[in-house]
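Novice: Attaching a single structure in structure tokens format; questions to follow.
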Amino acid sequence: MVSPEGRSLRIKAHPGLCAGWGNCHRFAPDVYPLDEHGQIAVHLFEVDAEHADDAWLGAQACPQSAISVIVR
Ligand code: SF4
């Protein structure tokens, strides 16, 4: 996957695939909130360029491949 290099991102998370590892939140707590079960609590959203690198790393760190990233 291509890194964002300062561009904004569209993120699509798949809560049905999430197994609650929490890696996404560890890399980018401001981008990936978790619910009370430790599973990702967001679906489709935009991330500005300022948070794009963290968002990208968090998506890469997901062992379930539950986060898709679209570079804008
Ligand atoms: S890293 Fe993946 S499996 Fe873990 S909480 Fe985040 S979305 Fe879920």
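Throughout, read-outs are computed from the coordinates displayed, never taken from laboratory work. Being a predicted model, the structure only gives us computed values, none of them experimental. Backbone-built Cβ (ideal geometry, glycine too); neighbour counts: all protein chains shown.
Novice: Between helix 49-60 and the chain, what is the angle of the helix's C-alpha long axis to the longest principal axis, kept within 0 to 90° and rounded to the nearest 10?
Specialist: Result, in degrees: 50.
Novice: Now for a separate question. Based on DSSP H runs of at least 4 residues, each adding -39500 (n - 2.57), what is the mean residue ellipticity at 222 nm of the chain after dividing by all its residues, to the nearest 500 deg cm²/dmol? Spell out each step's value before the answer.
Specialist: Numbers: 2 runs with 17 residues, N = 72.
Per the formula, -6500 deg cm²/dmol.
Novice: Gain in length, residue 37 to residue 14, computed as 0.36 nm per residue apart minus the alpha-carbon separation, to one decimal in nm? Don't jump to the answer; show the numbers that get you there.
Specialist: Values: separation 23, 0.36 × 23 = 8.28 nm, distance 1.51 nm.
Between residue 37 and residue 14, full extension yields 6.8 nm more.
Novice: Another question, if that's okay. Return the equivalent ellipsoid semi-axes of the chain as a descending list in whole Å, where each equals the square root of 5 times an eigenvalue of the C-alpha gyration tensor. Don't skip to the end; give the middle numbers.
Specialist: On the way: eigenvalues 71, 24, 22 Å².
Value: 19, 11, 10 Å, ordered largest first.
Novice: Based only on other Cβ atoms within 10 Å, what is the fewest-to-most ordering of 65, 8?
Specialist: Going from sparsest to densest Cβ surroundings: 65, 8.
Novice: How much length is gained if the chain between residue 50 and residue 7 is pulled fully straight, taking 0.36 nm per residue apart and subtracting their Cα-Cα distance, in nm to one decimal? Don't skip to the end; give the middle numbers.
Specialist: On the way: separation 43, 0.36 × 43 = 15.48 nm, distance 0.84 nm.
Using 0.36 nm per residue and subtracting the Cα-Cα distance, I get 14.6 nm.
Novice: A further question on this structure: Compute the length gained on full extension between residue 64 and residue 26: take 0.36 nm times their separation in residues and subtract their Cα-Cα distance, giving the result in nm to one decimal.
Specialist: On the way: separation 38, 0.36 × 38 = 13.68 nm, distance 1.50 nm.
Gain on extension, residue 64 to residue 26, equals 12.2 nm.
Novice: Which whole-number percent is the relative contact order of the chain (Cα, under 8 Å, 6+ apart)? Please list the in-between numbers first.
Specialist: Values: 142 pairs, mean separation 35.0, N = 72.
For the chain, the relative contact order is 49 percent.
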